[in-house]
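Take a look at the structure below.
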Amino acid sequence: MFRLHGFFTQNTLKAMYVLEEVAPDFEFQFVNLAKGEQKSDAFTKMSPIGKVPVLEHDGEFLFESGAICRYVANVQDSPLYPSDKLQRARVDQWMDFFSCHLGHWLNALYFEAVIKPDFQLGEPDEEAIEEATKFALRQFGLLDAHLDGTVWLANDSFSIADLFAFAYIEQHRQIGLSLEKFANVQAWFERVESRPAIAAARARMPRQA
Ligand SMILES: N[C@@H](CCC(=O)N[C@@H](CS)C(=O)NCC(=O)O)C(=O)O
């Protein structure tokens with residue numbers, strides 16, 4: 001049995017979407033970051049970095065959302081993380097692209113637009129917003145070109161890379177960044193969002209912290 005410890009934000013959602021697709025009988029334990037629960041002794045025993053998500057499986061604990069997504073799909077022998085070495089590397093490639101590039105800039109914008117006001121962390125940093133917007137738009141353009149002619153991110157086949165990327169991109173709504181100019185990204189986004197796993201994961205989240 002898998003148990004996921006997490007919060008509302010995209011790092012937890014990445015793991016949740018993958019779990020809903022490949023092991024939907026998992027348990028979800030909400031960790032209230034607004035109350036500092038990630039700093040408790042009980043939590044830091046599970047994760048030395050004091051951050052969500054954490055996956056609990058057979059008495060073992062794992063942190064880092066990418067590692068969790070890969071592990072869960074591996075344990076379940078899921079085709080969403082293909083066993084063919086090149087195909088698997090292509091899934092990894094897109095996950096890494098999101099962690100290091102487009103997802104990084106979307107997170108920066110989410111931090112300014114949502115986290116700062118919600119956690120009273122000060123005024124928005126206009127320079128940081130400008131830089132992140134510039135890079136995010138450029139990388140949305142690259143992604144849009146890639147998705148012209150392929151339905152899914154990697155191997156023309158639905159994979160954990162699509163779920164992982166989706167969790168970053170769905171932040172566009174809260175940060176007020178329109179996908180209108182990126183028709184292929186918009187179509188891909190709608191394809192992923194229509195999967196029952198997305199609705200099931202969202203339904204598990206508490207309404208407020
Ligand atoms: N690289 C990590 C990032 C995890 C992370 O930053 N988690 C945030 C929430 S999205 C967190 O737990 N923040 C609480 C804190 O830093 O105290 C992952 O992908 O899992």
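Every read-out reported here was derived from the displayed coordinates using simple, explicitly stated rules and does not represent laboratory data. Everything numeric in this text was worked out from a predicted model, so none of it was measured. Counting neighbours? That spans all protein chains shown, and the Cβs are built from the backbone with ideal geometry, glycine included.
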Check your understanding: What residues have an amide H closer than 5 Å to that of F2, excluding those fewer than 5 places away on the same chain, when H is modeled at 1.01 Å from N in the peptide plane?
Key -> E27
Point to revise | Extension gain, E193 back to Q174 (0.36 nm per residue minus Cα-Cα distance, nm) | key: 5.3 nm
Check your understanding: Among M205, M95, which comes first, then next, by fewest other beta-carbon atoms within 10 Å?
Key -> M205, M95
Check your understanding: Hey, fewest Cβ within 10 Å first, where do I198, I115 land in order?
Key -> I115, I198
Review point. What's the FRET efficiency of S83 with L142 using the Cβ-Cβ distance as r and R₀ = 35 Å, to the nearest 0.05?
Key: 0.80
Review point. Which whole-Hz couplings ³J(HN,Hα) result when phi for each residue of segment 115-127 is put into the Karplus expression 6.51 cos²θ - 1.76 cosθ + 1.60, θ = phi - 60°, listed in order with x for Gly and Pro?
Key: 5, 4, x, 5, 9, 6, 9, x, 6, x, 9, 4, 5
Study note, to complete from the structure: The ³J(HN,Hα) series, computed from each phi in segment 187-194 with the Karplus coefficients 6.51, -1.76 and 1.60 at θ = phi - 60°, rounded to the nearest Hz and given as x for glycine or proline, is 5, 4, 4, 5, 4, 5, 5, 7
Exercise for review: Would you mind calculating the gained length between A183 and V75 on full extension (0.36 nm times residue separation, minus the Cα-Cα distance), in nm to one decimal?
Suggested key: 35.4 nm
Revision key, fill the gap. Asserting the computed 222 nm helical MRE of the chain (DSSP H runs at least 4 long, -39500 (n - 2.57) per run, divided by residue count, to nearest 500) equals -15000 deg cm²/dmol
Exercise for review: Just grab the label-to-label distance for E131 and R3, each label 7 Å out from Cα along the Cβ direction, in nm (one decimal).
Suggested key: 4.1 nm
Review point. Could you give the nm distance between label points at R207 and Q93, where each point is 7 Å from its Cα heading toward the beta carbon?
Key: 4.6 nm
